[in-house]
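J.: Quick one: the structure is below, questions incoming.
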Amino acid sequence: AHLRAACNDSLQRLHLERIDLYQLHTPDPKVPFEESIGELARLRQQGKIRHIGVSNVTLAQLKQARALVPVVSVQNRYNLGDRSFEDVLQYCATERLAFLPWAPLAGRASPRLVPWESTAEEIAKAHAVSSAQVALAWLLARSRALLPIPGTSSRAHLEDNVAAAALHLTPTELQQLS
């Protein structure tokens with residue numbers, strides 16, 4: 001019921017008849033996963049959504065969803081410091097699904113730099129770019145399935161993020177970050 005209401009509310013707010021990509025964010029542990037996916041399938045059959053995506057899912061959940069409906073994208077946390085969904089990324093690459101990493105620029109958890117952060121800063125200095133650009137460039141080079149979705153709070157951040165697409169890291173730099 002929540003998914004149906006949220007979809008209808010989105011359609012109304014956006015003044016649309018159909019949403020091109022509708023993501024199921026964070027499966028509700030109180031609702032069987034297949035029921036949530038089934039509701040998305042019904043919304044798709046009714047023409048309210050064109051494509052279905054899932055978020056914050058395990059590889060098993062992604063496979064379960066794909067057994068029920070066509071899934072075109074996965075939106076899971078993934079960045080230089082958190083690669084816990086590597087298996088999902090690999091599956092998406094193999095199956096030609098988009099992988100939209102959220103929190104692609106995850107920041108420091110403590111005042112001390114962890115190894116990948118100091119490496120990213122060194123590489124950023126060598127290229128005269130920001131460490132955020134290095135993190136995004138690493139993601140873009142990591143897999144063709146990856147489509148990072150960094151947030152931005154200003155035009156300057158947006159321009160910095162977009163400029164990362166032009167940054168080409170060397171194989172050595174990619175290995176150091178990996």
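The values are calculated or read from the model by the stated rules, or taken from the named source; none is laboratory data. Just so it is clear, the structure is predicted and the values come from calculations on it, not from any experiment. Ideal geometry is used to build each Cβ from the backbone, glycine not excepted, and the neighbour counts take in all protein chains shown. Each accessible area value is taken on the protein alone, full model and side chains, heavy atoms only, with ligands, DNA and RNA left out. Shrake-Rupley method; radii C 1.70, N 1.55, O 1.52, S 1.80 Å.
J.: Go through (1) crowded, with 19+ Cβ neighbours inside 10 Å; (2) of a type in the set (S, T, N, Q); (3) farther than 29 Å from SER55 by Cα for THR170 and report which single condition fails.
T.: Result: THR170 passes all but (1).
J.: Could you look through the range 68-102, keep only residues that are farther than 22 Å from SER36 by Cβ and assigned to a helix (DSSP H, G or I), and pick out the one that is least open to solvent (accessible area, probe 1.4 Å)?
T.: LEU89
J.: State whether the residues of the range 111-121 include one that is free of Cβ contacts under 8 Å to residues at least 60 places away in the same chain, closer than 24 Å to LEU24 by Cα and aliphatic (A, V, I, L, M).
T.: Here is the first cut: in the range 111-121, the residues free of Cβ contacts under 8 Å to residues at least 60 places away in the same chain are 111-115, 117-121.
Of the ones still in play, those that are also closer than 24 Å to LEU24 by Cα are none.
The answer is no, given that none of the residues of the range 111-121 is free of Cβ contacts under 8 Å to residues at least 60 places away in the same chain, closer than 24 Å to LEU24 by Cα and aliphatic (A, V, I, L, M).
J.: Also, quick follow-up: Pull up the range 9-27, narrow it to residues that are at pLDDT below 95 and open to solvent by 70 Å² or more (accessible area, probe 1.4 Å), then point me to the one that is farthest from GLN46 (Cα to Cα).
T.: THR26
J.: I'd like the full set of residues that are open to solvent by less than 70 Å² (accessible area, probe 1.4 Å) and under 23 Å from ARG77 (Cβ atoms), limited to the range 29-50. Step through it out loud before you land on a result.
T.: Just the residues of the range 29-50 that are open to solvent by less than 70 Å² (accessible area, probe 1.4 Å), to begin with: 31-33, 36-41, 43, 47-49.
Once the filter is applied, which keeps residues that are open to solvent by less than 70 Å² (accessible area, probe 1.4 Å) and under 23 Å from ARG77 (Cβ atoms), the range 29-50 yields VAL31, PHE33, SER36, ILE37, LEU40.
J.: Tell me which residues, restricted to the range 123-167, are assigned to a loop (DSSP other than H, G, I, E, B), open to solvent by 80 Å² or more (accessible area, probe 1.4 Å) and modelled with pLDDT under 90. Break it down into steps so the answer makes sense when it comes.
T.: At the first step, the residues of the range 123-167 found to be assigned to a loop (DSSP other than H, G, I, E, B) are 128-130, 143-145, 147-154, 167.
Retained after the next criterion (residues that are open to solvent by 80 Å² or more (accessible area, probe 1.4 Å)): 128, 144, 147, 153.
Within the range 123-167, SER153 is the sole residue that qualifies.
J.: List every residue pair whose Cβ atoms sit under 6 Å apart, with the two residues 6 or more apart in sequence or on different chains, where the first one lies in the range 37-66 and is under 25 Å from GLN90 (Cα atoms) and in contact (Cβ under 8 Å) with a residue 40 or more places away in the chain and the second, anywhere, is open to solvent by 70 Å² or more (accessible area, probe 1.4 Å) and outside any helix (DSSP H, G or I).
T.: Close Cβ pairs (under 6 Å, with a partner that is open to solvent by 70 Å² or more (accessible area, probe 1.4 Å) and outside any helix (DSSP H, G or I)) amount to GLY53/LEU21; SER55/HIS25.
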